[in-house]
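The block underneath contains the structure these notes are about, expressed in structure tokens.
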Amino acid sequence: MGAAILGCMAGRTGADGRADGPERGRDGTDGQGRNGAGGHGRERARRRRSDYGGAVYGSLQAASVVAGTAAFGPFPRLGLIVLLLVTGLVFWAAHIYARLVGGLASYRELSWATVRRVAGHEWPIAQASLGPAAAVAISPLLRLDLAGTAWFALSVAVAEQIGWGTTAAVRAGASRRLVLVSAAVNLVLGLAIVVAKAELH
């Protein structure tokens, strides 16, 4: 059950689980650059599942950034926006590098097309920081002080995390019970960050 929950939440497979067969590369080719039967369809399906995993991970990371930064006292709104966006981009770049290095054995040569494909695949990690950053940007319109801004951004990040995790479970064809369990697990993870922020702040 635990493995199924995590699989639905993240929708990601390990580096060794991406190949379609012993002779097939990650990009759906036969190891010589040729697409096998159904390779494009399987690749698109893998990307759809993985996008949710990256979004869940990125939302957790954004929530952690907000919680940790708030612990150091008052901060400029612009500074938090920049920190959220830069952190998302750094983690995005790190995941691209890890995927490329981990998949070198699956490619005959590393091309810009492969780099772009992996970058697009991992983009939801960076994209997940946009919601909390937007929350910080509009907080003056809501007449929120700095503390209220931090809580608002954190709430948006946790809501994103729960939403993406639940969507991943639904799109994976999970039962209603498993969808609810997946949402509950994401809620617990989000609340853990909220409690940590409350204690540190």
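The values are calculated or read from the model by the stated rules, or taken from the named source; none is laboratory data. The model shown is predicted, which means the values in this text are computed figures rather than measured ones. Don't worry about glycine lacking a Cβ; one is built from the backbone with ideal geometry, like all the others, and counts go over all protein chains shown. Heads up: the accessible areas ignore ligands, DNA and RNA and are worked out on the full protein's heavy atoms, side chains in. Shrake-Rupley method; radii C 1.70, N 1.55, O 1.52, S 1.80 Å.
A few points about this structure:
A quick yes/no check of all residues on (1) closer than 25 Å to residue 81 by Cβ; (2) buried (at least 18 other Cβ atoms within 10 Å of the Cβ):
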{"residue": "99", "(1), (2)": "no, yes"}
{"residue": "111", "(1), (2)": "no, no"}
{"residue": "114", "(1), (2)": "no, yes"}
{"residue": "139", "(1), (2)": "yes, yes"}
{"residue": "149", "(1), (2)": "yes, yes"}
{"residue": "175", "(1), (2)": "no, no"}
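- All conditions but one from (1) within 25 Å of residue 136 (Cα to Cα); (2) crowded, with 16+ Cβ neighbours inside 10 Å; (3) modelled with pLDDT of 80 or more apply to residue 69; the one that does not is (3).
Okay, residues lined up against (1) in a helix (DSSP H, G or I); (2) modelled with pLDDT under 70; (3) more than 12 Å from the chain's Cα centre (by Cα); (4) acidic (Asp, Glu):
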{"residue": "54", "(1), (2), (3), (4)": "yes, no, no, no"}
{"residue": "62", "(1), (2), (3), (4)": "yes, no, no, no"}
{"residue": "73", "(1), (2), (3), (4)": "no, yes, yes, no"}
{"residue": "94", "(1), (2), (3), (4)": "yes, no, yes, no"}
{"residue": "97", "(1), (2), (3), (4)": "yes, no, yes, no"}
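- Residue within the range 151-159 that is under 23 Å from residue 84 (Cα atoms), open to solvent by 50 Å² or more (accessible area, probe 1.4 Å) and more than 17 Å from the chain's Cα centre (by Cα) present: yes
- Residue among 142, 130 that alone is over 17 Å from the mean Cα position of the chain (by Cα) and not charged (D, E, K, R): 142
- The set of residues in the range 160-170 being of a type outside the set (Val, Ile, Thr) and open to solvent by less than 50 Å² (accessible area, probe 1.4 Å) consists of 160, 161, 163, 165, 168, 169.
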